[in-house]
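Note sheet for the following structure.
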């Protein structure tokens, strides 16, 4: 079972685990479209850039690139082509935890018209490569969480809608490996208003599936919701020049808050967040984490 029952959390919560002092060097990986590192709010926050593509579309004209410029695009091209999502997620992460450091992995290529190619970034192999890079570089960048505000609506129905098959196996193994080394893989549940299933890969074992609540703690009607959901987190954020909302923003906020409250291990951090969470207004088996504390 992926979930921990609220009743058990109430019992274990009596110990009231306290988060360890957050080190300013803790970082999260954001897997997304691209990032505008020229923004003042992101100065010194994006500490490393990576590009992973199924096709030869990184800035160096290859399928892999790392270092400065790997995940950035010229501002005019970034916003005109629909690549701004990654920038917004980075801003949400910084707003949630001003001490956060971000390793940004771009996996969304550009089509022939200069627009973001969403479908090409949803391949299991690309997401797996990003997670495997995180495993290899966890210690170097002191990574404690991965934020991936992406996913696909599963077309399967029934209790086994997120069933494991050969194409899932590698991704499942990477998520499990990250958990073993203390890194949370945080995925968005999706914004389709489905109350019986959540997006892939948030439904996979060992992923942390996050949906959205408003500033007053009310769960949003657009959330995908199912027993595989782990947490609700704040999904509405007022940034300097735009307001963003959705399970994507909730995911970035949760991953950043995870780093802020990291207790020294994956399980201790998960249990601590469960212990301080409140019960959601729509799904009594899931927990709302107040990142505004």
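Summary table
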item	result
Residue count, the stretch 212-223 (criterion: within 16 Å of the chain's Cα centre (by Cα) and touching a residue at least 60 places away in the same chain (Cβ under 8 Å))	1
Flag for residue 141 being surrounded by fewer than 23 Cβ atoms within 10 Å (Cβ to Cβ), in contact (Cβ under 8 Å) with a residue 24 or more places away in the chain, closer than 30 Å to residue 264 by Cα and in contact with a strand residue (DSSP E or B) (Cβ under 6 Å, 6 or more places away or on another chain)	yes
Residue match in the stretch 150-165 (condition: more than 18 Å from residue 36 (Cα to Cα), surrounded by fewer than 21 Cβ atoms within 10 Å (Cβ to Cβ) and in contact with a helix residue (DSSP H, G or I) (Cβ under 8 Å, 6 or more places away or on another chain))	yes
Residue under evaluation residue 37, criteria (1) surrounded by fewer than 18 Cβ atoms within 10 Å (Cβ to Cβ); (2) not in a strand (DSSP E or B), criterion not met	(1)
Hey, residue 194 surrounded by 14 or more Cβ atoms within 10 Å (Cβ to Cβ), farther than 28 Å from residue 259 by Cβ and in contact (Cβ under 8 Å) with a residue 40 or more places away in the chain or not	yes
Single unsatisfied condition, residue 83 versus (1) farther than 25 Å from residue 231 by Cα; (2) in contact with a helix residue (DSSP H, G or I) (Cβ under 8 Å, 6 or more places away or on another chain); (3) at pLDDT below 90; (4) not in a helix (DSSP H, G or I)	(3)
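The values are calculated or read from the model by the stated rules, or taken from the named source; none is laboratory data. Quantities reported herein were computed from a predicted structural model and do not represent experimental measurements. As a convention, Cβ positions derive from the backbone with ideal geometry for all residues, glycine included, and neighbour counts pool all protein chains shown.
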